[in-house]
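The values are calculated or read from the model by the stated rules, or taken from the named source; none is laboratory data. Bear in mind that the values here come from a model prediction, so they are computed numbers and not experimental data. Here Cβ is always computed from backbone atoms with ideal geometry, including for glycine, and neighbour counts include all displayed protein chains. SASA here: full protein model, heavy atoms, side chains in, ligands and nucleic acids out. Shrake-Rupley method; radii C 1.70, N 1.55, O 1.52, S 1.80 Å.
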Amino acid sequence: MGDGAWVMIGRDLPDRFTWSSVPPASSLSVLWGAGACTVEDASNTVTLLSDEALWIPEACAHRGDGAAGSDFLTLFWVEPSERPSERSLPRGNGIRSVSCAGSTRTALLRVAALLLDGAPDAALANDLETVRSVVYELADDAPAEPMTLTRAEAVLLERFDEALPISAFSTLARQSAPQFTRFFRRAWGLAPIQFRKQLRLLQATHALLEGRSVTRAALDAGFSDTAHFTRTFRDQYGRPPSAWAREVRGSSPEG
């Protein structure tokens with residue numbers, strides 16, 4: 001959709017679904033029918049209820065588990081022109097449930113209905129504007145600093161784009177690789193190799209939003225080649241990076 005917003009809709013999903021992610025944009029999710037969903041970050045677990053929304057800020061490392069038969073709507077919002085120049089780091093204490101009744105919930109559910117009916121972007125404008133103020137208020141209230149890091153975690157955050165083995169980080173932590181992986185998973189909700197992949201995707205999405213080519217975004221984020229990046233990006237976001245950039249930015253970067 002225009003204005004840096006896009007929506008993911010689940011409708012009567014046939015199977016249980018799980019995911020782990022460091023998202024490139026903040027999101028607001030609601031259940032709009034049956035189902036259930038539990039999401040966890042480094043220090044909090046939230047079960048999404050029918051009268052609440054789930055807020056996940058940009059770059060918040062988290063994982064989730066949804067029940068079969070769920071109907072859900074997730075609205076992502078990103079403003080490339082207002083994005084800070086410094087790389088966003090994953091945050092602690094990021095996810096939370098917020099009250100979502102009245103006009104906000106109505107607007108979100110109307111967006112879902114209009115999208116399923118194939119309505120044009122113009123038909124969504126008023127409802128998206130209603131949600132925009134809620135999203136901005138939540139974004140302004142989000143924690144600004146990452147959680148306290150160990151030396152190994154800090155190096156992984158700083159050097160995720162380098163082809164270093166995970167054993168290099170476990171050595172810094174003075175732990176075996178399995179011990180470090182268990183410690184890291186407890187702290188961040190993801191294994192180190194998954195976390196690094198998510199950081200690379202996060203860096204690449206920022207580069208695409210800034211207008212860099214798919215090839216440049218892939219190499220700068222630490223992917224071995226464009227084909228590997230495209231496969232990983234498609235697995236995560238459901239579409240190739242060029243299409244994602246075209247939809248979010250309204251233009252296509254060079255390949």
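Summary of computed values
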item	result
Selection from the stretch 167-190 of residues that are open to solvent by 30 Å² or more (accessible area, probe 1.4 Å) and in contact (Cβ under 8 Å) with a residue 24 or more places away in the chain	none
Flag if F160 is modelled with pLDDT of 80 or more, farther than 23 Å from E58 by Cα and buried (at least 18 other Cβ atoms within 10 Å of the Cβ)	no
Qualifying residue in the stretch 34-55 (condition: at positive phi, open to solvent by 10 Å² or more (accessible area, probe 1.4 Å) and more than 11 Å from the chain's Cα centre (by Cα))	yes
The stretch 96-113 residues that are within 16 Å of F72 (Cα to Cα) and at pLDDT 80 or above, paired with ones that are among the aromatic types (F, W, Y) and open to solvent by less than 50 Å² (accessible area, probe 1.4 Å) (beta carbon under 7 Å, 6 or more apart)	V98/W55
Single condition E129 does not satisfy, out of (1) modelled with pLDDT of 80 or more; (2) closer than 24 Å to L209 by Cα; (3) open to solvent by 40 Å² or more (accessible area, probe 1.4 Å); (4) not hydroxyl-bearing (S, T, Y)	(1)
S70 vs. criteria in a loop (DSSP other than H, G, I, E, B), at pLDDT 80 or above, open to solvent by less than 50 Å² (accessible area, probe 1.4 Å) and of a type in the set (S, T, N, Q)	yes
